[in-house]
Amino acid sequence: MPPFKLSPLSLALISFHSIAGMAIAQAQDVTSGNEDVQSLAPVVVSGSKYGKTLDQINGAASVAERMTLDDAQVSSTMELDRVFPELYMSYGATFLFPIITLRGVTSAQDFYNPALTVYVDGVPQLPIFADQSLLSVEQVELLKGPQGTLYGKSAQGGVLNIVTHEPNNTPQFAARIGMSSRDGYQLRAEGSGPLVKNLLYGSISLLSNDVNGNLHSDVIGSDKLGGMRSRAGNFKLRLAPMGNPWELGLSAGRDCATGDQEAYTLFDDYKSRRAYVLPNLPEAYRDFHQRRCANKFAVNGQYDFDFWRLNVIASSQRVDTKRHWPLDAYFPQFSEHWRQNTQEVRLSTRGSENATRSARTWDAVFGLYRQEVGLSREYQFDMMLPSLYRVVGSASSNQTESLAAYSDVTWHLTPEADITTGLRFTRDEARTRFQGDMMGSAFEGLASGSQTTWLGHLAAGYQFSPSWRGYINVAQGYKPRGYNLAPSSVDDAKGYGRERSISYEVGMRYSGRDVRATLAVYRVDGKDVQLYGDGDMGNQTLRNTGDTRSVGVEFNTEWDVTRQWTLSAGGFSNGATFRRFEDSSACTGCTHNDVPMTPKYGLTLALKGNVSVGNAVLSPQLSVRRTGAQYFDSANTLRQGSYTVVDAGLAWRPTGDLELMLYAQNLTDRDYRTYGFSYGATGNFAQVASGRTVGVTATYRY
């Protein structure tokens, strides 16, 4: 036995320290002119809302560009953890309820009100639409830590901002066709260009994607349960007369997905990949089915004057879902109809493309924001054995509205030092109406409430050299008061209170000729966290159960070993625990327990190459992801141990326009649980990650 054992935190710090050492050595070799330092074009982070580049942000952020996403075979938001090592993503039963965990803050505590929100071109996506197809993506930005002053509610863990391609005078076209294990396939086509040169531009994107699972059931007669099938498309129109300071945009899209993901194994029998279905269940009630169709529409305008930019954006989303599945001797059925309308007016100083920016002593953004969300829902929960009996039936309607004003100002004290301050005022209103029947006893409720919230943000940064920057950051986030969107008793009219969080962070960033590295140490305190309390699965009530604390470190490094090879390492080490837990009916003695769905650590090592072979280019890549142990419940009884997933790929580009790729995901066919829960006397259940997937793609770009 070795005399000592390195913790994941130690491994992370050693990895960062090693590459930082290379960075220091590299910096010593750079001439005083710094010609090679930061030779790459600066990456503008649109999520900053006023044109900050990645190197200027006094906080932690990561950006994945289109080529990086394509190399990792990322076609949906739920696959973004392949390119963001600090991010943990999974499913809570179905693609309708994605689990997104960042810095120990997880959406698994309440699937309908996540702690991290997905945005597309600045528009928030409904929580059940967070898992969506990626089309015409230019880059994806991960803003880490609470983003409450800029984004408001449900941004305690951070924000995922997806930036799509803006059509212009340059014609572009891309098409991909692919096949994968278990009869999976992908078809994607995207095109953009001028409709009227120097005036009107357009783009269109289409996608069809089938990813089948590999759970099996002899009762149903299927060996491909647990999959998802997507059909999506969108278009954009952009009116931008050349030489004028204004432009207008319009976009619309539709994304439909079906699946059979709510198939579970017994918790301790997950390696068999055998879906749990009672053999004597009536045949008409053995069907696993989820369907979601989303329609979205947005208009935006932009006007530049002097050093200011005025942005206006309005959006609308409509999402319909249906789902049913067998669960032991029961057959739950859901139908939901969502609608969301948002409007935002934003006035900001123009970004780094404006030459006058460096002469200003400050930069800022000021905004007004409104969001309205409505949900109508029907729910039936039937017992099928020994005979048909309706246990629960309910119908409900919920509405929320948020009105906000915000500001974020960066003061350039010296060429090296700056301070950022932010403030947001929000007025939230919530209303609920529901009625139903529980085992012959009627229940109903009608309630409303409102609350105002102030959030603040303070950060400071210092540029120690052209390559090194350090920062400190204090930020707040929150989730508003409200009512259970899945009511099952009269108690749901009582509602739950506001949840608040505050984050403290210290970080460093290095950007050199061959090495790029970031390191952040953080603490996130959550107060009055909203969790499901007592009751069996499916009949629980949201309430404020206590306080949490998450402490950790995260890092990302890239080293261009040669012109052909790049080595990267990234990950996190995190401890998220309950500091107070008051719901004894749900869990006795849970104070100091781990927060569920928060892995202890994550570490990703990756190697990418670009090797010329004659007139062609070979691009091998290898990624090894290690994920630490985690619990699926607050009582810390359902545990998934640590596991390692290996992905590999080999791309061949015979010409500059064509690429053929062979890839393998979960190369070693590792079995591990992605979700688990207890269902009373019936026992414990789990969902299992997909096994080895091998595929080929052909991509043409013009």
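Measure out, as a whole number of angstrom, how far apart the alpha-carbon centroids of the range 109-179 and the range 337-416 sit.
When both Cα centres are located, 12 Å separates them.
Step by step: find N for the range 483-530, compute 2.2 N^0.38 Å, then divide the Cα radius of gyration by it. What's the final number?
2.12
How large is log10 I(q)/I(0) at q = 0.12, 0.23, 0.29 Å⁻¹ when the Debye formula is applied to the Cα atoms of the range 444-499, each weighted equally and without solvent?
Values, matching the q order: -0.52, -0.92, -1.13.
List the chymotrypsin sites (Phe, Trp or Tyr not before Pro) within the range 402-471 that DSSP assigns to loop and that have no more than 15 neighbouring Cβ atoms inside 10 Å.
Phe464
In whole Å and largest first, what semi-axes does the C-alpha gyration tensor of the range 565-702 yield when each eigenvalue is scaled by 5 and square-rooted?
That gives 42, 17, 11 Å for the three semi-axes.
Return one number: the angle in degrees, 0 to 90 and rounded to the nearest 10, between the long axis of the Cα atoms of helix 8-29 and the longest principal axis of the Cα atoms of the chain.
Approximately 10 degrees, to the nearest 10.
Could you pull out the pairs from Lys271/Lys296; Lys479/Lys600; Lys153/Lys271 whose alpha carbons sit more than 30 Å apart here?
Listed pairs above 30 Å: Lys271/Lys296; Lys153/Lys271.
Would you mind calculating the relative contact order of the range 352-455 from Cα pairs under 8 angstrom and at least 6 residues apart, reporting the percent as a whole number?
25 percent
Taking only the alpha carbons of the range 254-347, what extent do you get along each of the three principal axes, in Å, biggest first?
That works out to 72, 28, 16 Å along the principal axes.
Using just the C-alpha positions of the range 126-220 as equal point scatterers, what log10 of I(q)/I(0) does the Debye formula give at each q in 0.10, 0.18, 0.20 1/Å?
-0.47, -0.99, -1.03
Taking just the alpha-carbon atoms of the range 350-451, what radius of gyration and Dmax come out, in angstrom?
Rg and Dmax of the range 350-451, Cα atoms, are 25.4, 78 Å.
Cα-based Rg of the chain per 2.2 N^0.38 Å, rounded to two decimals?
0.95
Taking the Cα centre of each part, how many Å lie between the range 549-620 and the range 623-638?
13 Å
Would you calculate, for the chain, the mean residue ellipticity at 222 nm contributed by helices, counting each DSSP H stretch of 4 or more residues as -39,500 (n - 2.57) and dividing by all residues, to the nearest 500?
-1500 deg cm²/dmol
Counting only trypsin sites (Lys or Arg not before Pro) that sit in a DSSP loop (anything but H, G, I, E, B) with at most 15 other Cβ atoms within 10 Å, what is the longest stretch of the chain containing none of them?
6-196
None of the figures in this text is laboratory data; all of them are computed from the coordinates on show. Since the model is a prediction, treat every value here as computed from it, not as a measurement. With ideal geometry, Cβ positions are generated from the backbone for all residues, glycine too; neighbour counts draw on all protein chains shown.
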